[in-house]
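The values are calculated or read from the model by the stated rules, or taken from the named source; none is laboratory data. Just so it is clear, the model here is predicted, and its values are computed rather than measured. Note: ideal-geometry Cβ built from the backbone for every residue, glycine included; neighbour counts use all protein chains shown. For accessibility, only protein heavy atoms count, side chains too; no ligands or nucleic acids. Shrake-Rupley method; radii C 1.70, N 1.55, O 1.52, S 1.80 Å.
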Amino acid sequence: QVQLLESGGGLVQAGGSLRLSCAASGSIFSIDGMGWYRQAPGKQRDLVASITTAGSTDYADSVKGRFTISRDNAKNTVYLQMNSLKSEDTAVYYCFINYRALSTAWGQGTQVTVSS
């Protein structure tokens with residue numbers, strides 16, 4: 001069984017920063033892609049950022065230049081550094097990992113609230 005433990009969410013003022021972390025544990029064997037989605041109330045879950053094993057990254061247009069995704073393969077952990085936060089970044093953030101070629105695991109979600 002694979003578990004993802006997220007941390008780092010919270011309340012921040014517009015223009016501030018937060019860093020999310022997501023640590024994977026369990027019968028992973030090997031992790032492929034890792035990343036983050038977010039879901040605001042009444043909206044669909046959208047991809048925020050992803051990172052491959054080799055370190056290639058992809059970002060949603062709305063966060064480019066403000067968010068940075070990184071990973072520590074030795075710790076099976078993915079990070080999301082969020083700077084210059086805006087009220088529209090308010091959402092529940094979910095991390096995910098792709099592992100064993102065909103499987104995906106999800107975190108429990110962490111709330112990020114940006115006050116204007």
Calculated FRET efficiency for the pair Leu47/Ser87, C-beta based, R₀ 30 Å, to 0.05:
0.90
Mind giving me the FRET efficiency for Leu5 and Ser116? R0 is 22 Å, r the Cβ-Cβ distance, nearest 0.05 is fine.
0.15
Mind pulling up the Rg/Rh value for the chain? Radius of gyration and Kirkwood radius, both on Cα.
0.96
19 Å cut-off, amide nitrogen to a point 7 angstrom out along Ser62 Cα→Cβ, residues in segment 82-114:
82-96, 109-114
So with the 1.4 Å probe, I'd like the accessible area per residue for the chain, rounded to whole Å².
53
Radius of gyration, Dmax [segment 56-116; alpha carbons; angstrom]:
13.1, 42
I'd like the carbon and sulfur percentage of the solvent accessible area for segment 51-109, probe radius 1.4 Å, heavy atoms only, ligands and nucleic acids excluded.
47
